[in-house]
Amino acid sequence: MPEPVDTPSPRRTSTLDRLRIGLLVAGLLCVATGLLPRDEAVANMRRIGPLLLFLGSVIVLAELTRRAKVFDVIAHRLAIAGRGRYPALFALCVAFAAGTTILLNLDTTAVLLTPVMLALAGPARIPPLPLAMTTLWLANTASLLLPVSNLTNLLAAERIDLSATEFAAAMALPQLASIAATALCLWWFYWRRAHRDADTYLPPEPVRLDGPRDRALLVATSAACLLFVAAIPLLGERIGVAAVLAAALAVAAFAVVDRAALRWSLLPWRLLVFVVGLFLVVPTLSRLGLGELMGALIGADPGAAGAFRAAAAGAGLSNVANNLPAYTAGEAVVPVENRTQLLALLIGTNVAPIVTPWGSLATLLCLEFCRAHGVSVPMRRFVLTGLVLAVLATVGAVTALVLTA
């Protein structure tokens, strides 16, 4: 979703940027030519307006939190707590990445946590690939529990009218199943002794804060994040208000202590362009035949068979195209009363887009950071191991959903 924050130059237009702008232009052309009726386009923009406000605010909050070194402090403390033991470090990294995804959304994990974890690899002499795959996989597979964890969750919760606590109750066991499958595959495919040269790693030194100004920013942004997380079960569908207030608190702290850090580049315009373009192009494609295809693949069975069909269709289309178009195309053909089927579609589009590099924007961004840090991700290994995890996590999560529905 959002663009990496550590790209070499903010003026550089990357391939991803050109794709996002091209998608928006295509969407505007769909409206201008009448392929998408203007009334439908306006209705779509009204629907996603509050969601864009929420996502933009939470990404500003997360970026300022990163600048205040909150993620660096936590990552180094985790490595120190592991005391050189890989199993302990593995458990701590899984918990850290999963918690970040659940509470602050998958974009925070992909954009902000990935470079922090990769930067940790050098001082601690830890192979970087296991750290990279931990953030890449859990950015997707840990994004089921709360509406704030993923844009698709916000859309689903709105459509079937679930509060944050009701949504979490419905997705708790599916989320546990997905994280368990991810931890199993991470250990077997990337973390176990056969994939590294040493039995232990070197615990790094703690992150040093330069003075009271840095400590003030650390405390203020940490407090903003904690207040946002605490507000999730209280505000329900108005969680965007909490995100705006938390971001405002972080911005106020930087305005007092480090005003130079407050730049327009903090605003995630790339995310806004991408999502707006999607919500113009995908409805147009649905009118041109994509809706019929998804309807045939998903069906209207409200039971277990319909749930697995919806998850499989969402997983397949996510890896062929992208998970956001896959979810919006599937949502349009799932009957509103088929709540379990819609949540199964959500599982397929959240958990499974880890087989192809373009399955989700979070996956693309994690891979982009790996390239920027000189970390090689063998593509054959990436696809095969991702396929195994996608099947295990999707089947496990949908089974848990069906059993508790």
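Here are the numbers:
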read-out	value
Cα-centre dipole for the chain with unit charges at Cβ (Lys and Arg positive, Asp and Glu negative), debye to 20	960
Angle in degrees between helix 339-351 and the longest Cα principal axis of the chain, rounded to the nearest 10	40
Phi to ³J(HN,Hα) by Karplus 6.51 cos²θ - 1.76 cosθ + 1.60 over the stretch 69-83, Hz, x for Gly, Pro	6, 5, 5, 4, 4, 5, 4, 5, 5, 5, 5, 5, 5, x, 6
Rounded tilt (10° steps) of 361-372 against the dominant C-alpha axis of the chain	30
Gain in span if fully extended, Asp39 to Ala261, counting 0.36 nm per residue against the direct Cα distance	75.9 nm
Modelled label reach - Asp197, point 7 Å along Cα→Cβ, the stretch 102-124 residues with backbone N closer than 19 Å	118-124
Using θ = phi - 60° and Karplus 6.51 cos²θ - 1.76 cosθ + 1.60, couplings along the stretch 322-331 (whole Hz; Gly, Pro as x)	6, 6, 5, x, 5, 5, 5, 5, x, 4
Förster radius 51 Å - calculated FRET efficiency between Trp269 and Ala91, Cβ distance, rounded to 0.05	0.85
Inter-label distance for Ala32 and Arg77, nm, one decimal - labels placed 7 Å from Cα along Cα-to-Cβ	5.2
Label-point gap, in nm, between Arg125 and Arg159 - each point 7 angstrom along Cα→Cβ	5.2
Within the stretch 130-229, chymotrypsin sites (Phe, Trp or Tyr not before Pro) in DSSP loop having at most 13 other beta-carbon neighbours inside 10 Å	none
Relative contact order (%) - criterion: Cα under 8 Å, at least six apart; region: the chain	25
Hz values of 3J(HN,Hα) by residue in the stretch 183-198 - Karplus curve (6.51, -1.76, 1.60), Gly and Pro given as x	4, 4, 5, 4, 5, 5, 8, 9, 9, 5, 4, 5, 9, 9, 8, 10
Local electrostatic count at Gly348 - Lys and Arg +1, Asp and Glu -1, tallied over other residues with Cβ under 14 Å	0
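Every number here is computed from the coordinates shown, using simple stated rules; none is lab data. Because the structure is a prediction, the values reported are computed rather than measured. Every residue, glycine as well, gets a Cβ built from its backbone with ideal geometry; the counts of neighbours run over all protein chains shown.
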